[in-house]
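The values are calculated or read from the model by the stated rules, or taken from the named source; none is laboratory data. Every value quoted in this text rests on a predicted model; they were computed, and no experiment measured them. For neighbour counting, all protein chains shown are included, and Cβ atoms are generated from backbone atoms with ideal geometry for every residue, glycine included.
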Amino acid sequence: MPVPSSVLAAAAPVWDWGYALEVLPDLLRALVVTIEITLLGSALAMALGLVIAVLRRARIPVLDQVVWAFVEVVRSTPLLVQIFFLFIVAPRFGLTLSAFLVGVLALGVHYACYTSEVYRAGIDAVPRGQWEAATALSLPHSRTWTAVILPQALPRVLPALGNYVISMFKEVPLLLAIGVVEVVNAAREAGSQTFRFVEPYTIAGLLFLALSYPASMLVRRLERRVGTV
């Protein structure tokens, strides 16, 4: 007489160390993918966010309205919808990208619209006298930005940018919807093969905690240091 599956489930241990060690290498490889997407997405978000902030500051007719509308649309729609748009809708218009690249672009552009506001706040915090001094010295516009304004604005916004990097790291699991094998997707796949989900999901959560918590502590320390300057 076959043993009911409910009885087998009840007899199985809640935590199997052997199985946990078995799935750990796959989860660590997926963690590397998660970190890669986070770093590339962060680089895109920081660079594009700064460009958006500078363009908004320049107040170029028409372009300013276009950039403002783009930022508002991105900030007002869910990140998951933007991921699906790039992965499913964009190929219909001739733009076909890999799931990995879609993840980098979606996260980078989404967070660029937030980091642009952080940059704008840092730029606005630079004393007006610095702008006037640069004008009085007849510095070129590019020189004013690179030598006077940004060196004072960027240190002020580093803690906020760090918080966005941490948030992006925790948003990467959304990419499992398009098949990116990051940590949570790797845990799901491991659990679906053995019908044991406790170990892979717990390890995935611990891996996120092991990286997110020290990073958040570093950002807090940076906030205190910037606050004392």
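Structure notes:
- Sole residue being of a type in the set (D, E, K, R) and over 25 Å from V226 (Cα atoms), chosen from R59, R128: R59
- Any hit, region 156-168, residues being in a helix (DSSP H, G or I) and modelled with pLDDT under 90: yes
- Options L44, L28: the member that is modelled with pLDDT of 95 or more and surrounded by 14 or more Cβ atoms within 10 Å (Cβ to Cβ): L44
- Residue within region 118-127 that is within 22 Å of the chain's Cα centre (by Cα), closer than 27 Å to E182 by Cβ and surrounded by 12 or more Cβ atoms within 10 Å (Cβ to Cβ) present: yes
- Residue in region 175-195 that is surrounded by fewer than 13 Cβ atoms within 10 Å (Cβ to Cβ), of a type in the set (S, T, Y) and in a helix (DSSP H, G or I) present: yes
- Region 85-116 - residue that is of a type outside the set (A, V, I, L, M) and surrounded by fewer than 17 Cβ atoms within 10 Å (Cβ to Cβ) and, of those, farthest from P151 (Cα to Cα): R92
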